[in-house]
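Report on one structure; see the data block that follows.
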DNA sequence: ACCCAGGTGAGGG
DNA sequence: CCCTCACCTGGG
């Protein structure tokens, strides 16, 4: 697993790079109540702080490297490489892992992501944590709990620059806070059922539902289609011909099966770095 | 002044 | 189903 590629792959919004006065970059991020500082070099992955058993367990679970080391991702990429297109792409994107994130945080973060840009998504999530999350060390804050977010005043949400998404965020927080939706339970039911339930949440459309399924529930059949993935699929598999969303999802399902979510990660990363935009 | 950004919801064919 | 449009907001 390549730490840098994984944390910068767009699945999580709470990581920053601290490169000041060092020869290796240090990733600083908040996972649960831990403010983690991670680094990776030729010898391996390092948890610089906090150096506690609890934090270690947290990191291993979050990065999905516990039990089997890098064997999991190796097997996944071997499977993906059966596809000639992905085999070529992997030379640029290998090492992107799937994080095990809190579905609640994923739900809210990706409602915010709709029709938005990544720097601003990060800013909004930061401000939500700052204004509603539990204070942690060094001025960092945990992601807000459903209760706190559900009870947030409009004034507070306005500071977070959510725009027209603010009512969606608050309503979703209420659903979770009041127990009217059980995010943990969604991970244990068939992916299609989980997807339907997620689509019932205002502000959650097909793309966001698939992101929650993949990044929060770890349903790896999910294949979130955003503009970049659509671009990659149309260009690399359909000779640049336009396809409908349904066609792309059907294609991904039969072509990649349970590896679809991983395939999406690589196609997304490749598109962002190699497939520039063209006007239609 | 506009257009864009990891889409969604409403309204119509 | 598929298509079209408006949409908070900050940055080109």
Within segment A:237-264, how many residues are more than 13 Å from residue A:85 (Cβ to Cβ) and outside any helix (DSSP H, G or I)? 5
Out of A:166, A:171, A:152, I need the residue that is over 30 Å from residue A:275 (Cα atoms) and more than 16 Å from DNA strand B (Cβ to nearest atom). Which one? A:152
Identify the single condition in (1) more than 14 Å from residue A:111 (Cβ to Cβ); (2) in a loop (DSSP other than H, G, I, E, B); (3) within 16 Å of DNA strand C (Cβ to nearest atom) that residue A:204 does not satisfy, given that it satisfies every other one. (1)
Of (1) within 22 Å of the chain's Cα centre (by Cα); (2) without any contact (Cβ under 8 Å) to a residue 40 or more places away in the chain; (3) crowded, with 16+ Cβ neighbours inside 10 Å, residue A:162 satisfies every one except (2)
Within segment A:142-157, work out how many residues are surrounded by 15 or more Cβ atoms within 10 Å (Cβ to Cβ) and under 18 Å from residue A:107 (Cα atoms). 11
Keeping to segment A:128-140, report how many residues are in a helix (DSSP H, G or I) and at negative phi. 6
Answer with yes or no whether residue A:37 is more than 16 Å from DNA strand B (Cβ to nearest atom), assigned to a helix (DSSP H, G or I) and either at negative phi or at pLDDT 95 or above (or both). no
Considering segment A:231-256, residues that are over 22 Å from residue A:196 (Cα atoms) and either without any contact (Cβ under 8 Å) to a residue 40 or more places away in the chain or touching a strand residue (DSSP E or B) at 6+ places or on another chain (Cβ under 8 Å) (or both), and then whichever is farthest from DNA strand C (Cβ to nearest atom), we arrive at A:239
Does segment A:83-92 contain at least one residue that is within 20 Å of the chain's Cα centre (by Cα), free of Cβ contacts under 8 Å to residues at least 40 places away in the same chain and outside any loop (DSSP other than H, G, I, E, B)? no
Within segment A:202-236, work out how many residues are more than 7 Å from DNA strand B (Cβ to nearest atom) and either within 12 Å of the chain's Cα centre (by Cα) or over 22 Å from residue A:83 (Cα atoms) (or both). 8
Helices (runs of 4 or more DSSP H) wholly inside segment A:141-199 containing at least 2 residues that are at pLDDT 95 or above and out of contact with any helix residue (DSSP H, G or I) (no Cβ under 8 Å at 6 or more places or on another chain): A:166-177, A:191-199
When residue A:119 is evaluated against the numbered criteria (1) within 16 Å of DNA strand C (Cβ to nearest atom); (2) in contact with a helix residue (DSSP H, G or I) (Cβ under 9 Å, 6 or more places away or on another chain), which criterion, by number, is the only one it fails? (2)
With the requirement that a residue be part of a strand (DSSP E or B) and either in contact (Cβ under 8 Å) with a residue 24 or more places away in the chain or closer than 18 Å to residue A:143 by Cβ (or both), what does segment A:6-34 give you? A:15, A:16, A:27, A:28, A:29, A:30, A:31, A:34
Could you list all residues from segment A:96-120 that are near DNA strand B (Cβ under 8 Å from one of its atoms), over 19 Å from residue A:5 (Cβ atoms), in contact (Cβ under 8 Å) with a residue 60 or more places away in the chain and not in a loop (DSSP other than H, G, I, E, B)? A:110, A:111, A:113
Please find, within segment A:11-23, the residue that is nearest to DNA strand C (Cβ to nearest atom) out of those that are within 25 Å of residue A:266 (Cβ to Cβ) and touching a strand residue (DSSP E or B) at 6+ places or on another chain (Cβ under 7 Å). A:16
Number of the condition not met by residue A:72 [criteria: (1) modelled with pLDDT under 95; (2) outside any helix (DSSP H, G or I)]: (2)
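The values are calculated or read from the model by the stated rules, or taken from the named source; none is laboratory data. Since the model is a prediction, treat every value here as computed from it, not as a measurement. Backbone-built Cβ (ideal geometry, glycine too); neighbour counts: all protein chains shown.
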